[in-house]
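Here's the structure we're looking at; comments come further down.
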Amino acid sequence: MKEITAKEFSSDVLNPGKVVLDFYSTECPPCEALASKFEDLSKLYGNDIKFLKIYRQQNRVLADKLDVKSSPTLLFYNDGKEIGERLSGGIKRSDIIHNLDLMLPDARLKEIKAQIKPSVSEFDVIILGAGPGGLTAGLYLCQSKINTVMVDIALPGGQVSTTHEVSNYPGFIEPQAGYLLSHNMSEQTKLCGTVYKVAVDITKVDLAKKEVVIDEYETIRAKKIVIATGTTPNLTGAIGEKALKGKGISYCATCDAKFFDNKEVVVIGGGNSAVEESDFISRFASKVTMVHQLEKFTANKKAQDKIFANPKMNIIFNSEPRAFVKDGDKMVSEIENLITGERTKLISDGVFIFIGMKPNIDLFKDKLQLDQWGYIKSDENMQTSISDIYAVGDVTSKKYRQITTAVADGTIAAMAIAKDFF
Ligand SMILES: Cc1cc2nc3c(=O)[nH]c(=O)nc-3n(C[C@H](O)[C@H](O)[C@H](O)COP(=O)(O)OP(=O)(O)OC[C@H]3O[C@@H](n4cnc5c(N)ncnc54)[C@H](O)[C@@H]3O)c2cc1C
């Protein structure tokens, strides 16, 4: 694979032929995560498509001219013209292959794909999920000299990496930016020597065989597996919700209510979490407007009574959010009355959404004992109903889901596992 500079851009890229160009930076974890995939694919597709790298920091003028705003960014060219979609951030092997495949005829692709050789690697422990739970388990296992691989469908960090500020993780006097806290956790575990396979597709998880297949061809085997795949909050589907997650929209009252001292918030939901969390938020906020899609709450009676007696509450039933927009420091929530169809705009300082969470267990849920909400049951060592399969963090059946509780689970699992290796 060739490294070019801005001077060679015209001759190497803007000429007949097919090119994929990687704008990378140093001290860039997503660039590191991409490097081995890019190298590997260059061996496979390299006779047909030129694989080039360019160091973004030293070729800034060109990067700006091409409107490359983050590292890594992959650009695809055919006969000097940029084609397809640019890829950036946590780039998956399958995304690159998708773009490369668009550049070649089917017959040639068949020949190339025939060269892909399945690979098998062996570890002591596979950790599925590199959030705080998985990263802590990885750190303890690595420090016990247990050969561990960390596998994640995204970049390391978990939910913390998308959290604006974390003020309740011990050891820091000032609130920490979520991305920084998760970056530090990840680097600490990586520096110890844990192998990372991140931004991958999980093709198959076989808990009985202790085997995980990633990117369709790479089989990883181990003696034990730690499941640390966390949860995904249910989304309302309203316009703007995804973009404003962590930037005005929160899914955690314990984490964020304190930032709304004497401010007004909107809460979406009407089940136990929404009602109990609204009560908690009202200790800080001056006004809490709850928006619920049904004509009454589904939360338990005691919690409801407390909410109805709370003078800070404003309750809107039979309504759903349709759009969220940020207007300066304010959040605008457009809600629709499901009976009349009328739309109104609620102006607030922040929005909380509590319409349930989903544990990320789709690939292995049939095999494990789960609680009634679908979370994985584990014992005091974090071992699940299957021997040598552990579960830690938010994906487990528990009452409180926080960074500290995930980190604690990771510690317990790793210490219990380490005992079995010595
Ligand atoms: C917006 C927001 C703000 C928050 N703020 C705070 C706060 O201030 N303080 C606090 O203590 N807690 C906070 N929390 C809660 C905290 O983030 C979680 O409790 C914590 O991250 C749980 O860690 P975890 O390792 O169990 O899971 P996660 O952090 O969810 O990490 C799970 C990881 O698993 C990966 N994954 C998912 N599926 C698979 C799969 N099939 N295979 C492999 N990998 C997979 C994901 O990509 C992810 O990286 C917040 C949560 C949210 C959503």
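The values are calculated or read from the model by the stated rules, or taken from the named source; none is laboratory data. Keep in mind that this is a model prediction, so the values were computed, not measured. So basically every Cβ, Gly included, is an ideal-geometry build from the backbone, and we count neighbours across all protein chains shown.
Can you find even one residue in region 292-309 that is closer than 15 Å to LEU346 by Cα and at pLDDT 95 or above? Yes, region 292-309 has at least one match. Condition test on LYS247, is it more than 21 Å from THR405 (Cα to Cα) and within 16 Å of the ligand (Cβ to nearest atom)? For LYS247, the condition - more than 21 Å from THR405 (Cα to Cα) and within 16 Å of the ligand (Cβ to nearest atom) - is met. Would you mind stating whether ASN147 is near the ligand (Cβ under 7 Å from one of its atoms) and over 23 Å from ASN234 (Cβ atoms)? No, not satisfied.
Checked against the criterion of being closer than 30 Å to GLY248 by Cβ, without any contact (Cβ under 8 Å) to a residue 24 or more places away in the chain and surrounded by 20 or more Cβ atoms within 10 Å (Cβ to Cβ), the candidates SER182, SER161 yield just one match: SER161.
Of the residues making up region 10-34, just one is touching a residue at least 60 places away in the same chain (Cβ under 8 Å), small (Gly, Ala, Ser) and either surrounded by fewer than 21 Cβ atoms within 10 Å (Cβ to Cβ) or outside any helix (DSSP H, G or I) (or both), namely GLY17.
Each row is one residue, and each column tells you yes or no for (1) within 16 Å of the ligand (Cβ to nearest atom); (2) within 23 Å of LYS398 (Cβ to Cβ); (3) more than 23 Å from the chain's Cα centre (by Cα); (4) outside any loop (DSSP other than H, G, I, E, B).
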| residue | (1), (2), (3), (4) |
| --- | --- |
| ILE220 | yes, no, no, yes |
| VAL226 | yes, yes, no, yes |
| THR229 | yes, yes, no, no |
| ALA243 | yes, no, no, yes |
| ARG283 | no, no, yes, no |
| MET290 | no, no, yes, yes |
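Only one of the listed residues (GLU174, GLU264) is among the acidic types (Asp, Glu) and either touching a residue at least 12 places away in the same chain (Cβ under 8 Å) or within 11 Å of the ligand (Cβ to nearest atom) (or both). That residue is GLU264. Within region 150-171, the set of residues being in a strand (DSSP E or B), within 6 Å of the ligand (Cβ to nearest atom) and at pLDDT 90 or above comprises VAL151, ASP152.
Considering region 231-241, the residues that are among the hydroxyl-bearing types (Ser, Thr, Tyr) and within 15 Å of the chain's Cα centre (by Cα) include one that is nearest to the ligand (Cβ to nearest atom), namely THR231. Out of ALA228, ALA222, ALA177, ALA208, report the one residue that is surrounded by fewer than 20 Cβ atoms within 10 Å (Cβ to Cβ) and either touching a strand residue (DSSP E or B) at 6+ places or on another chain (Cβ under 8 Å) or under 26 Å from LEU41 (Cβ atoms) (or both). Just a single option satisfies the conditions, and that option is ALA177. The condition (being at positive phi and in a loop (DSSP other than H, G, I, E, B)) is satisfied by just one residue among GLU174, GLU216: GLU216.
Candidates in region 292-325 are the residues that are of a type in the set (Gly, Ala, Ser) and part of a strand (DSSP E or B); of these, the one that is farthest from LEU244 (Cα to Cα) is SER319. Any residue at all in region 106-129 that's within 10 Å of the ligand (Cβ to nearest atom), in contact with a Lys or Arg (Cβ under 7 Å, 6 or more places away or on another chain) and under 30 Å from GLY248 (Cβ atoms)? No, the conditions are met nowhere in region 106-129. Output the number of residues of region 177-211 satisfying the condition of being among the basic types (Lys, Arg) and either near the ligand (Cβ under 10 Å from one of its atoms) or part of a loop (DSSP other than H, G, I, E, B) (or both). Of the residues in region 177-211, 3 are among the basic types (Lys, Arg) and either near the ligand (Cβ under 10 Å from one of its atoms) or part of a loop (DSSP other than H, G, I, E, B) (or both).
With respect to (1) surrounded by fewer than 22 Cβ atoms within 10 Å (Cβ to Cβ); (2) in contact (Cβ under 8 Å) with a residue 40 or more places away in the chain; (3) within 19 Å of VAL125 (Cβ to Cβ), the lone exception for ASN381 is condition (2). Scanning region 130-144 for residues that are within 16 Å of the ligand (Cβ to nearest atom), in contact with a helix residue (DSSP H, G or I) (Cβ under 6 Å, 6 or more places away or on another chain) and either under 19 Å from GLY193 (Cβ atoms) or among the acidic types (Asp, Glu) (or both) turns up LEU135, THR136, ALA137, GLY138, LEU139, TYR140, LEU141.
Find the residue count for region 47-102, including only residues that are among the acidic types (Asp, Glu) and either under 14 Å from CYS31 (Cβ atoms) or not in a helix (DSSP H, G or I) (or both). Let's see the steps before the verdict.
Of all residues in region 47-102, those among the acidic types (Asp, Glu) come to 48, 64, 67, 79, 82, 85, 95, 101.
After this cut, where a residue has to be either under 14 Å from CYS31 (Cβ atoms) or not in a helix (DSSP H, G or I) (or both) as well, the list is 48, 67, 79, 82, 85.
Count: 5.
Annotation note: of LYS145, LYS110, LYS117, the sole residue that is surrounded by fewer than 21 Cβ atoms within 10 Å (Cβ to Cβ), part of a helix (DSSP H, G or I) and either among the charged types (D, E, K, R) or free of Cβ contacts under 8 Å to residues at least 12 places away in the same chain (or both) is LYS110.
In summary, strands (runs of 3 or more DSSP E) completely within region 326-408 and bearing 2 or more residues that are away from the ligand (no atom under 14 Å from the Cβ) occur at 330-337, 343-348.
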